[in-house]
Amino acid sequence: MTGGAQCVQGHDSALEAARKLTELEVGALPICGENNRLVGVVTDRDIVVKVLAKGLDPAEVETGTLAQGEAVTIGADDDAEQIFTTMTQHKVRRLPVIDGTALVGVVALADAARALDTPDAGRLLEALSTD
């Protein structure tokens, strides 16, 4: 898990989210709404497909509109098998980690793979997931 996850606010623009993704060198950011509650996740792909490819102005599109349904999360105490199960069921590669109602980090597929008995799988996934 990568701790200290930063959020974008639901009212932030897609342009602001893209800048933050670039600054943090990540492919996804949690979207926080009122009271900093997690409302979704925005990815670099979301911005390209849902904003740029449709000819929308990224400075005008609010990040909160890019969230799809209820955010899929994992608990801070969940093990690697539970993480893989959740990722498989929801077809996601990254999961916000929640402790109670607080966002405490994000776990990526490579993070979970490194926790398994075969460390080579984690290293391979990590290598494939980086630019």
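The values are calculated or read from the model by the stated rules, or taken from the named source; none is laboratory data. Owing to the predicted nature of the structure, the values given are computational and were not obtained by experimental measurement. All Cβ positions, even for glycine, are placed from backbone atoms using ideal geometry, and neighbour counts span all protein chains on display.
Things worth noting here:
- Selection count where residues are in contact with a helix residue (DSSP H, G or I) (Cβ under 8 Å, 6 or more places away or on another chain) and either under 24 Å from A110 (Cα atoms) or at pLDDT 95 or above (or both), scope segment 29-42: 5
- Any pair with Cβ under 7 angstrom, 6 or more apart, that starts in segment 89-104 at a residue that is within 13 Å of D77 (Cα to Cα) and assigned to a strand (DSSP E or B) and ends at one that is at pLDDT 85 or above and among the basic types (K, R): none
- Which numbered condition H11 misses (of (1) over 24 Å from R114 (Cβ atoms); (2) crowded, with 16+ Cβ neighbours inside 10 Å; (3) in contact (Cβ under 8 Å) with a residue 24 or more places away in the chain): (2)
- Condition check for K54: surrounded by 14 or more Cβ atoms within 10 Å (Cβ to Cβ) and farther than 22 Å from T73 by Cα: no
Residues checked against (1) farther than 16 Å from L103 by Cβ; (2) of a type outside the set (D, E, K, R):
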residue: D12; (1), (2): no, no
residue: A28; (1), (2): no, yes
residue: G33; (1), (2): no, yes
residue: K50; (1), (2): yes, no
residue: G55; (1), (2): yes, yes
residue: V61; (1), (2): yes, yes
residue: G69; (1), (2): yes, yes
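- For segment 57-91, the set of residues classified as of a type in the set (A, V, I, L, M, F, W, C), surrounded by fewer than 17 Cβ atoms within 10 Å (Cβ to Cβ) and in contact with a helix residue (DSSP H, G or I) (Cβ under 9 Å, 6 or more places away or on another chain) consists of A59, A80, F84, listed by residue number.
- Subset of segment 66-88 [at pLDDT 85 or above, within 18 Å of C7 (Cβ to Cβ) and assigned to a loop (DSSP other than H, G, I, E, B)]: V72, T73, A76
- Tally, over segment 29-65, of residues that are under 14 Å from the mean Cα position of the chain (by Cα) and not in a helix (DSSP H, G or I): 10
- Top-ranked residue in segment 1-28 [being at pLDDT below 90 and part of a strand (DSSP E or B); ranked as farthest from the chain's Cα centre (by Cα)]: G3
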